[in-house]
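*Asks:* Following this message is one structure expressed as structure tokens.
The values are calculated or read from the model by the stated rules, or taken from the named source; none is laboratory data. The shown structure was predicted, so the numbers you read here are calculated from the model rather than taken from an experiment. Ideal geometry is used to build each Cβ from the backbone, glycine not excepted, and the neighbour counts take in all protein chains shown. For accessibility, only protein heavy atoms count, side chains too; no ligands or nucleic acids. Shrake-Rupley method; radii C 1.70, N 1.55, O 1.52, S 1.80 Å.
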Amino acid sequence: EDDLADFPCITTWLSELRWITELECMSILQGKPLSPSAGQDSLSSQVQTYRDAIDRVKYEANKITEGFDTLFKCFDSNKWTALNHQTMDMTCNIRKLIQLCNSHVSDVPAYIREQQEVVMGESAKLVQQTTSAAEHNLVHRVPLVNQLTFLGQSFSRLVDSTLGYLVQKLVEMLETSTGMSALHVVINNVITLGLEGEHMCYLISREGGVRALLDVCRRENVAFTRSKALRALATICCAPECVAELEKENGIDLLLDILTDSSVVESVQGEAAGVIAQITSPVLDQNQQLCRFAKSMQMILTALLGLCERTEGHETFLLSAAAIANITFIDPSACGVLQEMKAPQLLIKACMCRKARSLFAKDQIATILANMAAIAGCQECIRHCGGLDLLVSFLHQKPCLLSSTAERSACERVQQKAAIALMRLCQDTRLTYSVIRQKGIPRLIELCRDSQARNNSDAVLVACLAALRKVCTLYGRDGISSLDYQQLVTPQLMDSFLMCSHSDENFV
């Protein structure tokens, strides 16, 4: 080292050498492809095989179902030769479907093979009957109708069993996969299947998909994919059977645990709020039977409202607010709980922030305020925290020229619910009258008169007419012209509605 001290350039080079080599190592690492393992490749290929089989079975089954429609048309028209040809074509298509299924899945179970034989046997009987009818131009109608019905029923059972089995194989992969990449592949396919419609969601639930996804959420060793598993649950819980399965498997408790655990990241809690928003959707009949949910309602509302307050993200706020809005629909007692938690103040404050500026978020806030306004004990709270001003501003909402159909629909709902809430909040108080008279009455009249302002929505029109009539009942005709009063307030509601809904004939 003493010898090297005589050469400063060498000393400097040695001191810098460590940093240079580390940078070289980083460059080499960054240049290496991160290729999946052979096991991951195999699993992805297997998942794709089952997905392809599901898609092909559905496609071919739809073609055969259309063939049944054609058969019945030929039968109704007494076209026996055409009926015979159509029956033979459909039999070939059924055979093609069976071969397709057997080629995609090597281990077809015995009960599906038995169902395949039943379908082919019923097809053969139908061909025999239609051939006889074509040769003799004569048919025994009742036996032929019965045979068509038998074949249709056995074919439906075959398709249902086949799709159920293929879905079951995907669910088994969901239960056994532990790697991040593998789980994401399977869950993504479950989500895609769920988006195909309610029947596919029912099949996923029937084959254990809800239970498997809940297990993924509970497994600590795969916590990294909990968010995606919750998204899948929200996707498939659009059918009552799925919601019932979720409650049966203690899914409500799991969602509550996630929402109340401060160590869980906000994005995961937002997805849990999305599941609650889905299972409490007013379009689901099952939500009236969520017994476990009713027992935990106050804790769930507290957690959701807290998430609304602390989040800065639009999606998390929207999902949480939607869940709260849905709960106020299915259980009116939730409004009293929300009042105790000062929900109106919190939601009105949120409207000043970026997270609640979209029409979709305002739709949920307007829903909550309208439902709370129906409860006498909640009205004063809404009025005194600026709720009237906010609701009047909601009446003035307009979608931009480039808005999507969904945004225009959301705007209609915001206007409608704001009008309903204002009508419910109309009381004989100076504060209410002042706010509604200044900006509310002119806009209510405009929404009645101008069909474009309400996007031709009849629901908005009815709500605005009802609100105007309530205002006039309480405060008289002040602020309303004689013509508006005569056309919008004095007649029967249906007469005013018919006049306003035919915009081309209006108000000359």
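*Asks:* Ignoring ligands, DNA and RNA, what accessible area per residue does the chain give at 1.4 Å, in Å²?
*Replies:* 49 Å²
*Asks:* What FRET efficiency, computed as 1/(1 + (r/R0)^6) with R0 = 51 Å and r the Cβ-Cβ distance, is obtained for LEU493 and ASP76, rounded to the nearest 0.05?
*Replies:* 0.65
*Asks:* Rank these residues by their accessible area, most exposed first, probe 1.4 Å: ARG219, ARG354, ARG141, ARG454.
*Replies:* Ranking ARG219, ARG354, ARG141, ARG454 by accessible area, largest first, yields ARG354, ARG141, ARG219, ARG454.
*Asks:* Hull surface divided by four, with the convex hull built on the Cα atoms of the stretch 397-508: how many nm²?
*Replies:* 7.0 nm²
*Asks:* Among (i) 22.4, 74; (ii) 31.8, 116; (iii) 22.8, 80, which one is Rg and Dmax of the Cα atoms in Å computed from these coordinates?
*Replies:* Correct label, based on the coordinates given: (ii).
*Asks:* Roll a 1.4 angstrom probe over the protein heavy atoms and tell me the percent of accessible area of the chain that is carbon or sulfur.
*Replies:* Here it works out to 53 percent.
*Asks:* Here's a follow-up. I'd like the Karplus ³J(HN,Hα) series for the stretch 258-274: coefficients 6.51, -1.76, 1.60, θ = phi - 60°, whole numbers in Hz, and an x wherever there's a Gly or Pro.
*Replies:* The phi angles translate into 5, 5, 9, 8, 5, 7, 7, 5, 4, 4, 5, 4, x, 5, 5, 4, x Hz.
*Asks:* Something else about it: What are the ³J(HN,Hα) values, in whole Hz, obtained from phi via the Karplus relation 6.51 cos²θ - 1.76 cosθ + 1.60 with θ = phi - 60°, for each residue of the stretch 104-113 in sequence order, with x given for Gly and Pro?
*Replies:* Running phi through 6.51 cos²θ - 1.76 cosθ + 1.60 with θ = phi - 60° gives 6, 10, 6, 10, 5, x, 4, 5, 6, 4 Hz.
*Asks:* Given the DSSP H assignment, sum -39500 (n - 2.57) over each helix run of at least 4 residues in the chain and divide by its residue total; what's the result at 222 nm in deg cm²/dmol, nearest 500?
*Replies:* After summing the helix terms and dividing by the residues of the chain, the value is -24500 deg cm²/dmol.
*Asks:* For the stretch 207-215, take each phi angle, set θ = phi - 60°, evaluate the Karplus expression 6.51 cos²θ - 1.76 cosθ + 1.60, and give the result in whole Hz per residue in order, putting x for glycine and proline.
*Replies:* 8, x, x, 5, 4, 5, 5, 5, 5
*Asks:* For the stretch 434-497 and the stretch 42-70, what is the separation of their Cα centres, given in Å?
*Replies:* 54 Å
*Asks:* Here is a follow-up. Suppose R0 equals 56 Å. What FRET efficiency, 1/(1 + (r/R0)^6) with r the Cβ-Cβ distance, do MET120 and GLN486 give to the nearest 0.05?
*Replies:* The computed FRET efficiency comes out at 0.15.
*Asks:* Right, something else. Just want to confirm a number: the relative contact order over the stretch 424-508, from Cα pairs under 8 angstrom separated by 6+ residues, in percent.
*Replies:* Over the stretch 424-508, the number comes to 31 percent.
*Asks:* Calculate, for LYS349 and SER156, the FRET efficiency according to 1/(1 + (r/R0)^6) with r their C-beta to C-beta distance and R0 45 Å; round to the nearest 0.05.
*Replies:* Calculated value: 0.25.
*Asks:* A follow-up question, please. Given just the C-alpha atoms of the stretch 371-449, how large is their convex hull per residue in cubic angstrom?
*Replies:* Expressed per residue, the convex hull around the Cα atoms of the stretch 371-449 is 92 Å³.
*Asks:* Taking the mean number of other Cβ atoms within 10 Å as a proxy for protection, how do you rank 361-373, 151-163 from highest to lowest?
*Replies:* Ranked by mean Cβ neighbours within 10 Å, highest first: 361-373, 151-163.
*Asks:* Let me ask another. Just how much of SER451 is accessible, in Å², when a 1.4 Å probe is used and the result is rounded to the nearest 10?
*Replies:* Counting only protein heavy atoms, the figure is 20 Å².
*Asks:* Mind checking the dipole of the chain: about its Cα centre, +1 per Lys or Arg Cβ, -1 per Asp or Glu Cβ, Debye to the nearest 20?
*Replies:* Dipole about the Cα centre, nearest 20: 1980 debye.
*Asks:* A follow-up question, please. Just grab the label-to-label distance for LYS248 and LEU474, each label 7 Å out from Cα along the Cβ direction, in nm (one decimal).
*Replies:* Label-label distance for LYS248 and LEU474, simple model: 4.9 nm.
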